[in-house]
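K.L.:
My structure is below; once you've seen it, I'll send some questions.
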Amino acid sequence: MKISFPHMGTSHIAFKHLIEHLGHEVIPPPAPTSRTLDLGVKYAPEFACVPLKILLGTYLEALEKGADTIITSGGVGPCRAGLYPYLHERILKGLGYDCNIIIFEPPLYNIKDFFSKIGYILKTGGKSWRQFWREFKTAWLKLCMLDDIEILSHEIRPYEVEKGYTTRVYKECLKVIDQAQTREEIQAAKELCIEKLKNIPRDPSRNPLKIGIIGEIYVVLEPFMNMDVEVTLEEMGVATHRSIYLTQWTRQNLIVNTEGSIYKTAFPYLKKKIGGHGINSIGETILYARNGFDGVIQVAPFTCIPEIVAKSILPEVSRDLDIPVLSLTIDEQTAKAGVQTRLEAFVDLLQQKRLHGGLNYGSFSGN
């Protein structure tokens, strides 16, 4: 099979490794561009959220490049994202694409179906379950390293002496990681990348603002979707911390000096699970406030119900815990220049708060 899958941050590097070593040809999902979004907007329902549109555009571009199979994930609960892969399938079939779409639902939802689909991939690739577990552990190691190296780049960038240097080194590191095939090579690549990043000239005398990034998982993880909010802030001299990484989310998203369950943390403000990452956005904002962050930025797709609910509650959290919150709603009309202007204004506000204290929260919170 010629397999492709969603592009989400750097995870495609590890997924590519796994699929190739399971005996299939990989058609790497292209990094999203304006063309990707245009394709998705053209064929998706108008009021669907932007992740559905960008993923549809990604699949169309992968099919243009020769993919005949798409592997994706489903979901359960109130968030409609669990229905999106089935909607993608109907749209692609309606457009005349004779492609195989393999949808992995959460294993605890239907564990028999989950392992049946893995078995199908192994059978068509001529691999055994023993080989699967070996390659899965190697791919997981690579995925963990991708997250570790990205985290390190975020820690270093606010202190860099030459603006953009960290980003250039980080991109070189991604190439090194992609080329590593064995566990030994992956470990060697990690050590090399850590050394390269730690050798970047820095100014340790800086005392940067600290901003937490929260929101819907796809928009948070995919830089094209959030207008590269983390790098933009860090190159302004701001330290950021992202609430979600794929490996960390897989481990039940324990974050920033976690103080018990995220649901218990959010409970005083939101007492029910509302699907998606809505309850996480509340709980994580509370944790960021407890851990001394200067502010929080929520990034969310337009029409995302869980994040809309969270956005309506965040002003109260902001006032109670004295932590400013900026909400950025992303759709196909969002422009990077506009986002950067809002980020600059928010950073200026946080700097004034640090210097002088006290803000009129009603003037900005939740906007």
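K.L.:
Based on what the data block shows, is Glu172 outside any helix (DSSP H, G or I) and not assigned by TED's automatic domain parsing to the domain that holds Arg80? Outline the logic, then answer.
P.N.:
Numbers: outside any helix (DSSP H, G or I): no; not assigned by TED's automatic domain parsing to the domain that holds Arg80: yes.
It is false that Glu172 is outside any helix (DSSP H, G or I) and not assigned by TED's automatic domain parsing to the domain that holds Arg80.
K.L.:
Looking only at region 223-258, how many residues end up being in a helix (DSSP H, G or I), hydroxyl-bearing (Ser, Thr, Tyr) and either outside the structural domain of Ala310 (by TED's automatic domain parsing) or modelled with pLDDT of 90 or more (or both)?
P.N.:
Restricting attention to region 223-258, the residues satisfying the condition of being in a helix (DSSP H, G or I) are 229-234, 246-250.
If we keep only those that are hydroxyl-bearing (Ser, Thr, Tyr) too, we end up with 232, 247, 250.
Filter again for either outside the structural domain of Ala310 (by TED's automatic domain parsing) or modelled with pLDDT of 90 or more (or both), leaving 232.
Here the count works out to 1.
K.L.:
Here is a follow-up. Show the residue pairs meeting these rules: Cβ distance below 8 Å; 6+ apart or different chains; first residue within region 91-111 and farther than 22 Å from Leu39 by Cα; second residue in a helix (DSSP H, G or I) and not small (Gly, Ala, Ser).
P.N.:
Correct list of pairs: Phe104/Phe114; Phe104/Lys117; Glu105/Asp113; Glu105/Phe114; Pro106/Phe114; Pro107/Phe114; Pro107/Phe115.
K.L.:
Take the residues of region 104-118 that are modelled with pLDDT of 95 or more and either surrounded by 14 or more Cβ atoms within 10 Å (Cβ to Cβ) or touching a helix residue (DSSP H, G or I) at 6+ places or on another chain (Cβ under 8 Å) (or both): which is farthest from Arg80 (Cα to Cα)?
P.N.:
Within region 104-118, the match that is farthest from Arg80 (Cα to Cα) is Ile118.
K.L.:
Let me ask you something else. Tell me, which residue of region 202-248 that is more than 22 Å from Glu332 (Cα to Cα) and of a type in the set (Gly, Ala, Ser) is farthest from the chain's Cα centre (by Cα)?
P.N.:
The qualifying residue farthest from the chain's Cα centre (by Cα) is Ser205.
K.L.:
Pairs needed: first member in region 304-326, at negative phi; second member anywhere, among the basic types (Lys, Arg); C-beta distance under 8 Å; at least 6 residues apart or different chains.
P.N.:
Short answer, once both residue conditions are applied: Ile305/Arg80; Leu321/Arg290; Pro324/Lys353; Leu326/Arg342.
K.L.:
Condition first: at pLDDT 95 or above, touching a His at 6+ places or on another chain (Cβ under 8 Å) and in a helix (DSSP H, G or I). Can you find one or more residues in region 150-160 that meet it? Let's see the steps before the verdict.
P.N.:
Step one: of region 150-160, the residues at pLDDT 95 or above are 150-160.
With the extra rule that they be touching a His at 6+ places or on another chain (Cβ under 8 Å), the set shrinks to 154.
Next, only the ones that are in a helix (DSSP H, G or I) stay: 154.
Checking region 150-160: at least one residue is at pLDDT 95 or above, touching a His at 6+ places or on another chain (Cβ under 8 Å) and in a helix (DSSP H, G or I).
K.L.:
In region 21-41, which residues are of a type in the set (Gly, Ala, Ser), touching a residue at least 12 places away in the same chain (Cβ under 8 Å) and in a helix (DSSP H, G or I)?
P.N.:
Taking region 21-41 first, the residues of a type in the set (Gly, Ala, Ser) are 23, 31, 34, 40.
Going one step further and asking which of them are touching a residue at least 12 places away in the same chain (Cβ under 8 Å), we end up with 23, 31, 40.
Correct list: Gly40 only.
K.L.:
Restricting to region 175-222, count the residues that are among the acidic types (Asp, Glu), under 30 Å from Glu135 (Cα atoms) and in a loop (DSSP other than H, G, I, E, B). Spell out the reasoning first.
P.N.:
Just the residues of region 175-222 that are among the acidic types (Asp, Glu), to begin with: 178, 184-185, 191, 195, 203, 216, 222.
Those left that are additionally under 30 Å from Glu135 (Cα atoms): 178, 184-185, 191, 195, 216, 222.
Narrowing the set further to residues that are in a loop (DSSP other than H, G, I, E, B) leaves 216, 222.
The total comes to 2.
K.L.:
Scan region 309-327 for residues that are within 24 Å of Gly77 (Cβ to Cβ) and crowded, with 17+ Cβ neighbours inside 10 Å and jot them down.
P.N.:
Once the filter is applied, which keeps residues that are within 24 Å of Gly77 (Cβ to Cβ) and crowded, with 17+ Cβ neighbours inside 10 Å, region 309-327 yields Val309, Ala310, Lys311, Ile313, Leu314, Val317, Ser327.
K.L.:
Of a type in the set (Val, Ile, Thr), assigned to a helix (DSSP H, G or I) and out of contact with any Leu (no Cβ under 8 Å at 6 or more places or on another chain): which single residue out of Thr166, Thr124 fits that description? Show your work before the answer.
P.N.:
Numbers: Thr166 fails: out of contact with any Leu (no Cβ under 8 Å at 6 or more places or on another chain).
Exactly one residue qualifies, and that residue is Thr124.
K.L.:
Here's something else I'd like to know. Mind checking which residues of region 313-329 are in a helix (DSSP H, G or I) and touching a helix residue (DSSP H, G or I) at 6+ places or on another chain (Cβ under 8 Å)? Walk me through how you get there before you give the answer.
P.N.:
At the first step, the residues of region 313-329 found to be in a helix (DSSP H, G or I) are 313-321.
Within region 313-329, Ile313, Leu314, Pro315, Val317, Ser318, Arg319, Leu321 qualify.
K.L.:
Can you tell me how many residues within region 225-243 are farther than 12 Å from Val299 by Cα and touching a Leu at 6+ places or on another chain (Cβ under 9 Å)? Give the derivation first.
P.N.:
Filtering region 225-243 for residues farther than 12 Å from Val299 by Cα gives 231-241.
From what's left, touching a Leu at 6+ places or on another chain (Cβ under 9 Å): 232-233, 236-240.
Total meeting the criteria: 7.
K.L.:
Here is a list: Glu332, Glu284. Which entry is assigned to a helix (DSSP H, G or I), modelled with pLDDT of 90 or more and under 19 Å from the mean Cα position of the chain (by Cα)?
P.N.:
Going through Glu332, Glu284 in turn, the sole match is Glu284.
K.L.:
Regarding Gly77, is this residue touching a residue at least 60 places away in the same chain (Cβ under 8 Å) and touching a strand residue (DSSP E or B) at 6+ places or on another chain (Cβ under 6 Å)?
P.N.:
Working: touching a residue at least 60 places away in the same chain (Cβ under 8 Å): yes; touching a strand residue (DSSP E or B) at 6+ places or on another chain (Cβ under 6 Å): no.
No; evaluated as a whole, the condition is false for this residue.
K.L.:
Filter region 288-312 down to residues that are of a type in the set (A, V, I, L, M, F, W, C) and in a loop (DSSP other than H, G, I, E, B) and give me whichever is nearest to Met236 (Cα to Cα).
P.N.:
Restricting to residues being of a type in the set (A, V, I, L, M, F, W, C) and in a loop (DSSP other than H, G, I, E, B), the top hit is Phe293.
K.L.:
Which condition breaks for Ile91 when tested against (1) more than 21 Å from Cys304 (Cβ to Cβ); (2) assigned to a helix (DSSP H, G or I)?
P.N.:
Looking at each condition in turn, Ile91 falls short on (1).
K.L.:
Determine if region 197-214 includes at least one residue that is out of contact with any His (no Cβ under 7 Å at 6 or more places or on another chain), in contact (Cβ under 8 Å) with a residue 12 or more places away in the chain and small (Gly, Ala, Ser).
P.N.:
no
K.L.:
Has region 8-20 got any residue that is closer than 14 Å to Gly57 by Cα, touching a Leu at 6+ places or on another chain (Cβ under 9 Å) and in contact (Cβ under 8 Å) with a residue 24 or more places away in the chain? Step through it out loud before you land on a result.
P.N.:
To start, the set of residues in region 8-20 that are closer than 14 Å to Gly57 by Cα comprises 8.
Filter again for touching a Leu at 6+ places or on another chain (Cβ under 9 Å), leaving 8.
If we keep only those that are in contact (Cβ under 8 Å) with a residue 24 or more places away in the chain as well, we get 8.
The answer is yes, given that some residue of region 8-20 is closer than 14 Å to Gly57 by Cα, touching a Leu at 6+ places or on another chain (Cβ under 9 Å) and in contact (Cβ under 8 Å) with a residue 24 or more places away in the chain.
K.L.:
Taking Phe302, is it surrounded by fewer than 20 Cβ atoms within 10 Å (Cβ to Cβ) and in contact with an Asp or Glu (Cβ under 9 Å, 6 or more places away or on another chain)? Walk me through how you get there before you give the answer.
P.N.:
Working: surrounded by fewer than 20 Cβ atoms within 10 Å (Cβ to Cβ): yes; in contact with an Asp or Glu (Cβ under 9 Å, 6 or more places away or on another chain): yes.
Yes.
The values are calculated or read from the model by the stated rules, or taken from the named source; none is laboratory data. A quick note: this is a predicted structure, and the numbers were derived from the prediction, not measured. Glycine gets a Cβ as well: all are built from the backbone with ideal geometry, and neighbour counts include every protein chain shown.
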